[in-house]
Amino acid sequence: LARLQADLAAKEQALAEGQAAQAKIAELETSIAELQSRIEALIIEITQQEEYVTVATDALAQQSADLQAVTAELEDLLANPTEEDDYTTRVEALTAQKEAITQEVNALQEDVSSYTSTLEGYKAQLEDLQAQLEAKQVELAGVQTVDLNALQVAVDEARQAIEVQEALIAELEVKIASIKLENAKVESRNVIRTLTYLTQADKDGLFAEVNAQTSIEAIAPITQKAKDLNA
């Protein structure tokens, strides 16, 4: 029984470890799926942000070219003043156009800087998520898979073996108790037989009392009573 109990304890420990490993696997698989989903969503964001940067950069290049052209035209006009009636109007118009384009260029530069900063942040997040994903995948690969059904069957069989053994022990204990009781009765009857001053009728009555007992503890008082009667 002790051997079977030790075997059951070992199998229950193996089952508990297997259940813990299975739970760990499920937890890691969930984490991996969540990380993969976040990475996919982030890649979409990065692609979109790259488009923003490209569009803003192209617009900035175009506006910068326009600003350069307007500036050159304005500088040329200022360097060569004329007496024409529309000279002042042309200078004012080019100056206003230069200011408007300058504002647009500044705004586009801010957009490009902002989009680029956001893009770099997304890429840093992506690297971090990919590192987390790789770590989880490595951890998952290190968790040993187990057959929980087989472990549970082994535990159930060990428990059944213990139940059988305990039943056998209980049966043997009953038999042993019966033998001990019978031996006690034999010893008591033998003592009573040796008592010289008791009649056979006395002895037969005492024998009947001894035989009727169902516990060893109840026999000793009868034996003592016989000795007292004999005295």
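The values are calculated or read from the model by the stated rules, or taken from the named source; none is laboratory data. Computed from a predicted model, the values in this text were never measured in an experiment. Cβ placement follows ideal geometry from the backbone for every residue including glycine, while neighbour counts extend to all protein chains displayed. With ligands, DNA and RNA removed, areas are computed over all heavy atoms of the protein, side chains included. Shrake-Rupley method; radii C 1.70, N 1.55, O 1.52, S 1.80 Å.
Heavy-atom accessible area per residue, the range 109-231, 1.4 Å probe: how many Å²?
67 Å²
Set Lys and Arg Cβ to +1 and Asp and Glu Cβ to -1, take the dipole of the chain about its Cα centre, and tell me which of Thr88, Leu133, Ala6 lies farthest positive.
Value computed over the given set: Ala6.
Net charge near Thr47, counting Lys/Arg +1 and Asp/Glu -1 over other residues with Cβ under 14 Å of its Cβ? Intermediate values should be presented prior to the final figure.
On the way: positive: Lys123; negative: Glu40, Glu45, Glu50, Glu51.
With Lys, Arg at +1 and Asp, Glu at -1, the neighbours total -3.
Before anything else, pin down the relative contact order of the range 112-231: Cα pairs under 8 Å, at least 6 apart, normalised by residue count, whole percent.
Working: 38 pairs, mean separation 26.3, N = 120.
Normalised by residue count, the contact order of the range 112-231 is 22 percent.
Of Leu198, Leu151, Leu119, which has the largest mean-square fluctuation in a 10 Å C-alpha GNM of the chain?
Evaluated over the chain, the most mobile residue of the options is Leu198.
Rank Ala167, Ala226, Leu151 by how far each Cα sits towards the positive end of the charge dipole of the range 112-231 (+1 on Lys, Arg Cβ; -1 on Asp, Glu Cβ) and give me just the farthest.
Of the listed residues, the answer is Ala226.
Could you tally the net charge around Thr116, taking each other residue with its Cβ under 13 Å from the Cβ of Thr116, Lys/Arg +1 and Asp/Glu -1?
Working: positive: Lys123; negative: Glu50, Glu51, Glu110, Asp111, Glu120.
With Lys, Arg at +1 and Asp, Glu at -1, the neighbours total -4.
Report the FRET efficiency, 1/(1 + (r/R0)^6), for Gln62 and Thr89, where r is their Cβ-Cβ distance and R0 is 30 Å, rounded to 0.05.
After rounding, the FRET efficiency stands at 0.70.
Please compute the modelled spin-label separation between Arg193 and Lys175, points set 7 Å along Cα→Cβ, answer in nm with one decimal.
Taking the two extended label points, one gets 2.7 nm.
Magnitude of the Cβ-charge dipole of the chain, K/R +1 and D/E -1, about the Cα centre, nearest 20 debye? All intermediate terms of the calculation are to be shown ahead of the outcome.
Numbers: 17 positive and 43 negative charges, 868 e Å.
It works out to roughly 4160 debye.
Mind ranking Val210, Val55 by accessible surface for me, highest first, 1.4 Å probe?
Numbers: Val210 0, Val55 100 Å².
Greatest to least solvent exposure: Val55, Val210.
May I ask for log10 I(q)/I(0) of the range 1-144 at q = 0.20 Å⁻¹, from a Debye sum over the Cα atoms as equal point scatterers with solvent left out?
-1.10
Do the sum for the chain: with -39,500 (n - 2.57) for every DSSP H run of n ≥ 4, divided by all residues, what is the mean residue ellipticity at 222 nm, to the nearest 500 deg cm²/dmol?
Helix contribution divided over all residues of the chain: -33000 deg cm²/dmol.
Under a GNM of the chain (C-alpha, springs under 10 Å), which listed residue has the highest mean-square fluctuation: Glu75, Glu104, Glu50?
The residue that fluctuates most here is Glu75.
With a 10 Å cut-off between alpha carbons and a GNM built on the chain, which of Ala161, Ala20, Ala177 moves the most?
The residue that fluctuates most here is Ala177.
Could you tell me what percent of the accessible area of the range 1-159 is made up of carbon and sulfur, with a 1.4 Å probe and every protein chain present?
Values: 5230 of 10430 Å².
Carbon with sulfur: 50 percent of the solvent-accessible area.
If I model a spin label as a point 7 Å beyond the Cα along the Cα-Cβ vector, how far apart are those points for Asn80 and Glu182 in nm?
Modelled inter-label distance: 14.0 nm.
Ile25: accessible area at probe 1.4 Å, nearest 10 Å²?
Taking all protein chains as shown, Ile25 has close to 20 Å².
If you average the alpha carbon positions of the range 194-225 and of the range 111-153, how far apart do those two centres end up, in angstrom?
For the range 194-225 versus the range 111-153, the Cα centre distance is 86 Å.
For Glu209, Glu120, what's the largest-to-smallest order of accessible area, 1.4 Å probe? Mind dumping the intermediate values first?
Values: Glu209 70, Glu120 120 Å².
From most accessible down to least: Glu120, Glu209.
Can you figure out the FRET efficiency of Thr71 with Glu51, using R₀ = 35 Å and their beta-carbon distance, to the nearest 0.05?
On the way: r = 30 Å, r/R0 = 0.85.
Computed FRET efficiency for Thr71 and Glu51: 0.70.
Tell me, rounded to the nearest percent, the portion of alpha carbon pairs in the range 62-150 spaced more than 17 Å apart. Spell out each step's value before the answer.
Details: 2734 of 3916 pairs.
So the portion of pairs separated by more than 17 Å is 70 percent.
What does the charge count near Gln125 come to, summing +1 for each Lys or Arg and -1 for each Asp or Glu among other residues with Cβ under 11 Å from its Cβ? Walk me through the intermediate numbers first.
Details: positive: Arg38, Lys123; negative: Glu45, Glu120, Glu127, Asp128.
Neighbourhood net charge equals -2.
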